[in-house]
Amino acid sequence: MTEAKAAPPLPDRLSVDPTSPHHIAAVFEHDIGIRLNDKERFDVEEYCISEGWVKVPAARTLDRKGKPMMVKLTGKVEAFYR
């Protein structure tokens, strides 16, 4: 008798960081997958489909605020619900 909530449409740009203006909490209630150049990535922090990039952490490097340094990878980006 429990009804699954309908998943909201995936935005063009989405960030995991709650302080980012591109963070949408309702999307993260569902399991999301990201493919870059037809290979699924599990370490994506932010993506933009229209511009064709994802940001992933650069090893163990931290910035001065203690957050991981990000590297921008470009290519064909696909976002989907699992």
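The values are calculated or read from the model by the stated rules, or taken from the named source; none is laboratory data. Only a predicted model underlies this, so the values are computations on that prediction, with no experimental measurement involved. Here the Cβ positions follow ideal geometry from the backbone for every residue, glycine too, while neighbour counts run over all protein chains shown.
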For the stretch 65-81, the count of residues that are outside any strand (DSSP E or B) and at pLDDT 95 or above equals 2
Pairs, please: C-beta under 7 Å, at least 6 apart or cross-chain, first residue under 12 Å from I34 (Cα atoms) and in the stretch 10-23, second exposed (fewer than 14 other Cβ atoms within 10 Å of the Cβ) and among the aromatic types (F, W, Y)? none
Where residues in the stretch 4-27 are among the hydrophobic types (A, V, I, L, M, F, W, C) and over 18 Å from V77 (Cα atoms), which of them is surrounded by the most Cβ atoms within 10 Å (Cβ to Cβ)? I24
Being at negative phi and either surrounded by fewer than 17 Cβ atoms within 10 Å (Cβ to Cβ) or among the charged types (D, E, K, R) (or both) is the filter here; which residues of the stretch 33-50 pass it? G33, R35, K39, E40, R41, F42, D43, E45, E46, S50
Has the stretch 44-51 got any residue that is farther than 12 Å from S15 by Cα, modelled with pLDDT under 95 and among the hydroxyl-bearing types (S, T, Y)? no
Those residues of the stretch 42-64 which are touching a Lys or Arg at 6+ places or on another chain (Cβ under 6 Å) and outside any loop (DSSP other than H, G, I, E, B) amount to E46, C48, W53, K55
